[in-house]
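The values are calculated or read from the model by the stated rules, or taken from the named source; none is laboratory data. If you're wondering where the values come from, they're calculated on a predicted model, not measured in any experiment. With ligands, DNA and RNA removed, areas are computed over all heavy atoms of the protein, side chains included. Shrake-Rupley method; radii C 1.70, N 1.55, O 1.52, S 1.80 Å.
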Amino acid sequence: MKYTDERLNLAIYTFLSIRAMFVIPRLPLSLLLLLDIALCHPFDVQPQQTPLDTVHHISLHEIISPRPLHGRFLHITDLHPDPYYKFNTTVASGCHHFPKERNGLKDKNKEERRAGYWGTPQSACDNSFAFVNFTLDWIEKEWADDIDFVIWTGDNARHDEDPSQPRTLEEIFDTNRYVAERMHSIFAIRGIPVVPSLGEKCSINLVLKFWSLELVFQRGGYYSSELIDNQLAALSLNTLYFYEKNKATGGCSYRDEADPGNLQLDWMDVQLEQFRSRGMKVWLTGHVPPTPDNYYNECFFFLDAEHLKEEPEEEELFSKKDQIHKSLKKHLKKISKKKEKKDEIVVVNVAPAGVGNPYQPGLRVFAYNHTGETGIGSGVGRSDTNGSEEDIKGDENPWEKPKKCKKRKNLDKWECRGPEKEWYSGKQGPARKNTLWTPLGYSQFWVPDLGSRNEREPPTWELEYVTYGREGFEERLPAKLAEKILANLTDEHIPYEMVDLTLDSWLDLVEKIRNKKKQWKKFKERMYLSRGQ
């Protein structure tokens, strides 16, 4: 297959999110990888809370402007604003309807859980617009002047699960216009790049309407973006072309060169080759994470993740947590055995949703090495690393063909054909060694009091935990926020004390979680944003 389109390096936006950490063997790319776990649904408007005006159309020139680097970026996802959310309605109705009345009297059935004023965590209810606005206001106050770019991985609409209030196309566009205007007022006018990814219910036309990036999306909603000129980029993938539930695509069939998934993979190869030739580093971003349950086998044939094959649907998570924990522990053991084959391992971050459906709302702020120095903090000097490291060719056969490839009917499958090009492993790169652009850690914030606050007492975004330790704490958070947090910092906030987010640090964490019961227990709590609950 050949990719002939010459429109490369067009965009400047990225959307991200993370709920759990997976370490995936057999991904022959030396890359930084961030993906969103949820699916993007259309958004609706709540006129009484958020009047909609004409949205300002964002141009590339408005976003690209020189700014001093802070060594931080925001990853936000899954806001799920719901215009029909109402305080004190029943949770069983999706927080849309009050208890039924019969003959003028309320039904005296068993007491039902009711919707909170700001939101209803650990339920099937989506966000009130009041909480969405509260969250964006908090981000603007605490972070907007102290981050370098934003990864935003979608889900800015309610789930369409109320037959009495079906979503309409008009609602979808209206809500997206509103969210786009908020994002513009917070980030774009400050010159901060924002990188969005398409999700399950988002349309390319919708993105075009908001971001005015027609050229970027003409091929199918995936694009590249230079976050820091000639040094750091992001590839925003349209993971819907790999998504197994999307029956409109061919599932990356080996014989179908025109399949959207194959075309996107060809495009990705071209992009990576071009960025490598320029000595640049790349974040991969997207919406649907790569698991056997999510992707067509042919689209991600090199994903060796048998531990995830029994992963339940989101609505089953509460009843099958033990099954998930068992599978995850099995996976960690498997990774531990592969730790000597680092060329075949990539870390995938899957972010918490900004909605309490089905957990607590959360978001992350990453710190990264923006100077090239190798100390705990970001340092003040910059080393000459642009193009200075050498990419090392990987093994000729970095993966083993499965047994089914011996059958004739499976010969024309990607997993039996294998990669057609050489692959590289940058052993001195930022994913393997603390150097320029290496992710140093992240701070995860949550809202533990979302369901208990009222109109006069808004909820609070608090630090849930950080991946790093006390040393260098102040350098990885804005000074004004670090001062507040340090005053109330406990061991619960610093459970992992990772030096950085290089592969070795992740593998060390795997061993710590596997071998210490207390760490395993705490890790499970943080998977569901349920510490202390």
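Accessible area per residue for region 218-271, computed on protein heavy atoms with a 1.4 Å probe, is 35 Å².
For residue 498, the solvent-accessible surface with a 1.4 Å probe is about 10 Å², rounded to the nearest 10.
Here the 3J(HN,Hα) profile of region 433-446, calculated from phi with Karplus coefficients 6.51, -1.76 and 1.60 at θ = phi - 60°, is 8, 5, 8, 4, 6, 5, x, 8, x, 9, 10, 9, 10, 8 Hz, Gly and Pro shown as x. At the residue level, residue 184 shows approximately 20 square angstrom of accessible surface with a 1.4 angstrom probe and all protein chains present. Using a probe of 1.4 Å, the accessible surface attributed to residue 492 totals some 60 Å² when neighbouring protein chains are kept in position. When a/c reaches 1.5 or more, the comparison of a/b and b/c decides; with that in mind, is region 468-515 rounded, prolate or oblate per its Cα gyration tensor? Oblate. Of 517, 409, 281, the order by accessible heavy-atom surface (1.4 Å probe, DNA, RNA and ligands excluded), from most exposed downward, is 517, 409, 281.
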